[in-house]
Amino acid sequence: DILEKYKLSNTVAGENPACICGDILKGKENPTACRLFAKACTPEHPKGACMVSDEGTCASYYRYQSVES
C-alpha cells in the first residue's frame, strides 16, 4: 500500500466552514454573498469547489462579474 510505503497519513482536507458553495450551487445565494469571495477565495487560491474549476460558478462570476450582457 502506498500509504505504508511512504509513511503517508490518510488525511482528507475539510471544507472551509465559511464557504457557501453548496448554497450557491443550489441557487440559494450568489457568489458575492460569500464572505470569502474575491478576498480569501480567488481562482488562484480557491477555498471551495465553486472556485476550483474555470467552469465553476464562483470562478466564472469572479472573472466576468464586470462584463455586462
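Across segment 15-64, C-alpha contacts under 8 Å between residues 6 or more apart give a mean separation that, scaled by the residue count, equals a relative contact order of 32 percent. Lacking any other cysteine beta-carbon closer than 4.7 Å, the following Cys residues of the chain have no compatible partner: CYS19, CYS34, CYS41. With coordinates expressed along the principal axes, the C-alpha atoms belonging to the chain extend over 54, 20, 20 Å, beginning with the largest. Note on LYS47: lysines with a C-alpha under 28 Å away, same-chain residues under 8 apart excluded, are LYS7, LYS26, LYS28, LYS39.
The trypsin sites (Lys or Arg not before Pro) of segment 23-69 meeting both criteria, a DSSP state outside H, G, I, E and B (loop) and at most 16 other C-beta atoms within 10 angstrom of the site's C-beta, are LYS26, LYS28, ARG35, LYS39.
Annotation: for a label point projected 7 angstrom from Cα along Cα→Cβ of ILE2, residues of segment 9-47 with backbone N closer than 15 Å are 9-12. Label separation (THR11 vs ALA40): 1.8 nm, computed from points 7 Å beyond Cα along the C-beta direction.
Where a number appears in this text, it was derived from the coordinates with a stated rule and is not lab data. All values reported here derive from a predicted model rather than from experimental measurement. Methodologically, a virtual Cβ is constructed for each residue, glycine included, from the backbone with ideal geometry; neighbour enumeration extends over all protein chains shown.
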